[in-house]
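Data first, discussion second: the structure below is written as structure tokens.
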Amino acid sequence: MTNTPTPPPAGWYPAPDGSSGTWWWDGAGWTQPDQQPSPQFAATTASRGIAGLATATQVLLIVCAVMSVATIGIETFGIGAVTGYLNGDDSAIDMINAYDQTAFVVSILSVVSFVSAGVLWATWQYRVAKQVTGQTRRSAGWHAGSWFVPIISLWFPYQNVSDLWRAARRTPPSWQIAWWLLMVVSNVVTQISGRIYTAAEDLEQFRLAMWVSLAGELLLLAAAPLAWLVVRGITQGILQRPAVPEHSLVA
């Protein structure tokens, strides 16, 4: 009588086909582990994800610029309507009502586009920072989160973007400081406009709020193309850079 050999216990064993690596034996049959993607494949996939995020962010930056143009037009219209009414043109009240209705819709669309662009930007910057881990002074989480933390959002994002330029093997452009100042000042001016509008008790104060809002939108409109160039420049640098060891480039 022939004895049947006892199968080995479940576990990982050298591949039965003679190839390198290990297979899983469950006590009844062999299971080949899923093939792990090569580092080159993983890097290519990550680069494609960054490129897609960059494109989406750039599209939304253009949308934000269009909404700024629309807001500038609406505020100009409102200033003219209020000025006419204050100068004795009673028919201008209809223009003021039209301004109120249109400004409400445009402001909602502007907020939605701005917030969407901000979320996409933060996601794009996080993915880029992850791609160059160890080559920036802060983690990828801080690259995304610093935009939303009061006070430090005044300078951390600027430093982080500068680090990404260097990690992408490019020198931060001389106009980057102009982009950042336009962004910061436009945000401050827009907040001032909102406070004036909330506290306004007569048409003169409402008109002042419109003027300040118009100024803030002009600054934001000037910042938009520079922001677009930041996304394009860093993304191109990341996609074109040669493979480098992960060591810090920041003193």
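Every number in this text was worked out from the coordinates using simple rules, so none of it is lab data. Keep in mind that what you see is a predicted model, and the values were worked out from it rather than measured. Neighbour counts are summed over all protein chains in view; Cβ atoms, including those assigned to glycine, are modelled from backbone coordinates with ideal geometry.
Length gain on complete extension for the stretch S91 to R241, per 0.36 nm per residue less the alpha carbon to alpha carbon distance? Walk me through the numbers before you get to the answer.
Details: separation 150, 0.36 × 150 = 54.00 nm, distance 6.26 nm.
Difference between extended and current length: 47.7 nm.
Considering all alpha-carbon pairs of segment 63-192, what whole percent are spaced by more than 24 angstrom? Spell out each step's value before the answer.
Working: 3836 of 8385 pairs.
Beyond 24 Å sits 46 percent of the P(r) for segment 63-192.
Roughly speaking, what is the centre-to-centre gap between segment 42-110 and segment 151-176 when only Cα atoms are used, to the nearest Å?
Each part's Cα centre sits 28 Å from the other's.
Enumerate by residue number the chymotrypsin sites (Phe, Trp or Tyr not before Pro) in segment 128-208 meeting two conditions: DSSP loop (anything except H, G, I, E, B), and at most 14 other Cβ atoms within 10 Å of the site's Cβ. Please report the intermediate quantities before stating the final value.
On the way: sites: W142, W147, F148, W155, Y158, W165, W175, W179, W180, Y197, F206; in loops: W155, W175.
Passing sites in segment 128-208 are W155, W175.
Near I74, within a Cβ-to-Cβ distance under 14 Å, what is the net charge of the other residues, with Lys and Arg +1 and Asp and Glu -1?
Numbers: positive: R207; negative: E75, D100, E217.
Neighbourhood net charge equals -2.
So, with +1 on the Cβ of K and R and -1 on the Cβ of D and E, and no other charges, what is the size of the charge dipole of segment 36-147 about its Cα centre, to the nearest 20 debye?
Working: 5 positive and 5 negative charges, 248 e Å.
With Lys and Arg at +1 and Asp and Glu at -1, about 1200 debye.
Just to check I understand the Karplus step: with θ = phi - 60° and J = 6.51 cos²θ - 1.76 cosθ + 1.60, what whole-Hz values come out for segment 93-98, glycine and proline as x?
Working through the residues one at a time gives 4, 5, 5, 5, 4, 5 Hz.
Could you state the per residue volume, in Å³, of the convex hull enclosing the Cα atoms of segment 175-230? Display every interim value, and only then the final one.
Working: hull volume 2.9 nm³, N = 56.
Considering the Cα atoms of segment 175-230, their hull volume per residue is 51 Å³.
Using the Cβ atoms and a cut-off under 14 Å, what net charge is assigned to the surroundings of G233, where Lys and Arg are +1 and Asp and Glu are -1? List each step's numbers first, then the result.
On the way: positive: R166, R169, R170, R232, R241; negative: D163.
Summing Lys/Arg as +1 and Asp/Glu as -1 gives +4.
Which loop GluC sites (Glu not before Pro) in segment 164-247, with loop taken from DSSP, have no more than 13 other Cβ atoms within 10 angstrom of their Cβ?
Working: sites: E201, E204, E217, E246; in loops: E201, E246.
When the GluC sites (Glu not before Pro) of segment 164-247 are filtered for loop state and at most 13 Cβ neighbours within 10 Å, E201, E246 remain.
With the dipole of segment 119-220 worked out from charges on the C-beta (+1 for Lys and Arg, -1 for Asp and Glu) around the Cα centre, which of V184, V161, T136 lies farthest toward the positive end?
T136
Based on the Cα atoms of segment 118-235, what semi-axes does the equivalent ellipsoid have, where each is the square root of 5 times one gyration tensor eigenvalue, given in whole Å with the largest first?
Working: eigenvalues 217, 43, 20 Å².
They are 33, 15, 10 Å, listed from largest to smallest.
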